[in-house]
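Asks: Can you keep this structure in mind? I'll have questions shortly.
What follows draws every value from the coordinates through simple rules; no lab data is involved. Not measured: the values here are computed from a predicted model. Cβ placement follows ideal geometry from the backbone for every residue including glycine, while neighbour counts extend to all protein chains displayed.
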Amino acid sequence: MAHIQLPEGLPGIRGAMAFRPATARPLNDLVEILLHAPNSLTPAERELIATYVSSENDCYYCQTIHGAVAAASLNGDEALVKQVKHDFHNAAISEKLKTLLVIAGKVQRGGKHVTTEDVTAALAQGATDIEIHDTVLIAAAFCMFNRYVDGLATIQPRDEAMYRERGKWIARDGYVNVSKEYLPAEVAR
Amino acid sequence: MPHIKLPEGFAGISSGFVYRPETAKPMRELAHVLLHEPSTLTPAERELIATYVSTQNDCYFCQTSHASAAAAHLANDWGLVEQVKHNYERAPVSEKLKALLTIAGKVQQGGKHVTSEDVAKAREQGATDLEIHDTVLIAAAFCMFNRYVDGLATWQPEDPEMYAKMGQHLATEGYLAPSIKA
C-alpha cells in the first residue's frame with residue numbers, strides 16, 4: 001500500500017503525478033526533453049542511461065518501464081537492455097556510451113564522484129559537452145524520479161506485458177503525450 | 001574548473017541553466033511549485049527541507065543558497081537554519097516539521113528507507129497527505145539538483161554577500177527568473 005492515498009489503478013509514478021498535477025507538468029516536460037526530444041544521443045542510448053541508474057537505485061517500476069522504452073527503441077532487444085543493467089562494460093554498445101554510463105553511475109552515488117578522468121575518457125570517445133551535460137542530468141533526474149516512486153511506496157505491479165506495451169507507446173509518442181491519459185486536460189496540454 | 005565548458009561568471013546551478021535553457025525551464029518550474037507557490041507548509045519550512053537534504057548531500061552551493069532563502073523567510077534567523085542543518089531534532093521547529101525532516105532524510109538515503117512508521121508519525125503531528133507528498137518530492141528533487149550542480153563540478157564561490165542577495169531574491173520572487181548574474 002502506498003504511504004499516502006493516491007488515485008487507484010495508476011501504478012508507479014502515474015499515481016503520484018495524478019495526485020499532484022502541478023508538479024507532474026514540469027516533471028513530464030523535463031523527462032520529455034531529456035529522453036524523447038531530438039538529441040545527438042539516440043533515444044535508446046538515453047533510455048539505457050535512465051534504466052541503468054534506476055537499476056542502481058533499485059527502483060522496480062522505473063527500471064522496468066524505461067528498460068521497456070529502451071527495448072522498444074532497439075527492435076525489442078530486451079537481452080541488450082538486461083546486459084547494460086548488469087554488466088554494461090561487456091555489452092554490445094559503443095565505447096562512448098560505456099564512458100557515459102560510467103559518469104551516470106558516479107552521479108547516482110553522488111555528484112562529487114565524477115572525476116576529470118571520467119569526463120576526459122568520454123571526450124576521447126567522441127562525447128560532446130552537451131552529451132556529457134545531458135548524461136549528468138539524466139542520471140541526476142532519475143535519482144529524483146526513483147526516490148519519488150519508492151519514497152511514496154507506489155504500487156508497482158510485476159506485470160512485464162504491461163510495461164512492454166507502455167514502453168512501445170512511450171517510445172512512439174513521448175512522455176507528455178502519454179501523460180494526457182492520467183492528467184487533467186488543462187495540465188497535460 | 002567545471003567538467004564541461006559552462007558560461008563563465010554564473011555560479012552553481014545558474015551555469016547549468018544558462019548552458020541548457022530547455023531543461024532549465026521545467027527545473028525552475030518544479031522548484032517554484034515546490035518551494036514558492038502557496039502551500040500549507042510555509043516557504044520557510046520548505047526551504048529548510050531543501051537545505052537539510054542539500055546538506056546531507058554535501059552540496060555547498062545548494063545548501064548555502066537555500067539556507068539563505070530560508071533565513072530570508074525567517075527574519076534572518078541564521079542560528080535556527082544552522083541548527084536544522086546539523087541537529088533538527090533539538091531545533092525550535094514544530095514536531096510536524098521534525099517528522100517531515102525525518103522523511104526527507106530517509107528519501108535522501110533512498111526512497112525505500114521511508115517506513116509506514118515515519119509517515120504515521122508525521123500524520124500524528126497533523127501532516128496531510130499533500131504535505132507528505134511534497135516533502136518526499138522536495139527531498140527527491142534536491143537529490144537531483146545537488147547531483148546536477150556537483151556532477152558538473154560547477155563554480156561555487158564562497159561569497160556570503162552573493163548568497164544573501166540570492167536568498168533574498170528567491171524568498172521574494174521565487175524560482176522562475178534568474179536571481180544572480182555574473
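Asks: With just the Cα atoms defining each centre, how far is the stretch B:1-27 from the stretch B:45-94? Give it in Å.
Replies: 24
Asks: Pairs of Cα atoms under 8 Å, at least six residues apart: use those to get the relative contact order of chain B, whole percent. It would help to have the intermediate numbers written out before the result.
Replies: Working: 229 pairs, mean separation 69.1, N = 182.
Once normalised by length, the contact order is 38 percent.
Asks: Further question on the same structure: Across all directions of projection, what mean area in square nanometres is found for the Cα convex hull of the stretch A:13-176?
Replies: 9.0
Asks: Which chymotrypsin sites (Phe, Trp or Tyr not before Pro) does the stretch A:1-78 hold that lie in a coil by DSSP with at most 14 other beta carbons within 10 Å?
Replies: Sparse-neighbourhood loop chymotrypsin sites (Phe, Trp or Tyr not before Pro): none present.
Asks: Please list, or write none, the aspartates and glutamates whose alpha carbon is within less than 17 Å of the alpha carbon of B:K98, excluding same-chain residues fewer than 8 places away.
Replies: B:E45, B:E47, B:E82, B:E89, B:E117, B:D118, B:E124, B:D129, B:E131, B:D134
Asks: On to the next question. Please check chain B for the longest run free of trypsin sites (Lys or Arg not before Pro) that are loop-located per DSSP (anything but H, G, I, E, B) and have at most 14 other Cβ atoms within 10 Å.
Replies: B:6-180
Asks: Shifting gears a bit: Positive end of the charge dipole of the protein assembly as shown (Lys, Arg +1 and Asp, Glu -1 on Cβ, about the Cα centre): tell me which of B:Q108, B:G9, B:W155 has its Cα farthest that way.
Replies: B:Q108
Asks: What do you get for Rg/Rh of the stretch B:4-162 when both radii come from the Cα atoms and Rh is the Kirkwood radius? Working shown, then result.
Replies: Working: Rg = 15.5 Å, Rh = 16.0 Å.
Result: Rg/Rh = 0.97.
Asks: Moving on. Pairs to check: A:K96/B:K5; A:K98/B:K106; A:K112/B:K96; B:K85/B:K106; A:K96/B:K112. Give those whose C-alpha atoms are more than 21 Å from each other in this structure.
Replies: Values: A:K96/B:K5 19 Å; A:K98/B:K106 31 Å; A:K112/B:K96 32 Å; B:K85/B:K106 15 Å; A:K96/B:K112 32 Å.
Over 21 Å Cα-Cα: A:K98/B:K106; A:K112/B:K96; A:K96/B:K112.
Asks: Need one number: convex hull volume per residue for the protein assembly as shown, Cα atoms only, in Å³.
Replies: Working: hull volume 45.9 nm³, N = 371.
Value for the protein assembly as shown: 124 Å³ per residue.
Asks: Another question, then. About the Cα centre of chain A, what is the dipole size in debye to 20, counting +1 per Lys and Arg Cβ and -1 per Asp and Glu Cβ, all else neutral? Write down the numbers at each step before the final one.
Replies: Numbers: 19 positive and 23 negative charges, 59 e Å.
Taking the Cα centre of chain A as origin, the dipole is about 280 debye.
Asks: Still on this structure: Counting Lys +1, Arg +1, Asp -1, Glu -1, what net charge surrounds B:G151 among other residues with beta carbon under 15 Å of its beta carbon? Kindly include the intermediate steps, with their values, before the conclusion.
Replies: Numbers: positive: A:K106, A:R109, A:K112, B:R20, B:R147; negative: A:E56, A:E117, A:D118, A:D129, A:E131, A:D134, B:D58, B:D150.
Charge balance in the 15 Å sphere: -3.
Asks: How large is ³J(HN,Hα) for each residue in the stretch B:83-94, as worked out from phi by the Karplus curve 6.51 cos²θ - 1.76 cosθ + 1.60 (θ = phi - 60°), to whole Hz, x for Gly and Pro?
Replies: Values, residue by residue: 5, 5, 4, 9, 6, 5, 4, 9, 7, x, 10, 5 Hz.
Asks: Would you mind computing, in nm to one decimal, how far apart the modelled labels at A:Q83 and B:K112 are, each placed 7 Å from Cα along Cα→Cβ?
Replies: 2.7
Asks: Short version: ³J(HN,Hα) in whole Hz for each residue of the stretch A:66-73, in order, from phi by Karplus 6.51 cos²θ - 1.76 cosθ + 1.60 (θ = phi - 60°), x for Gly and Pro, what are they?
Replies: With coefficients 6.51, -1.76 and 1.60, one gets 6, x, 5, 5, 4, 4, 4, 7 Hz.
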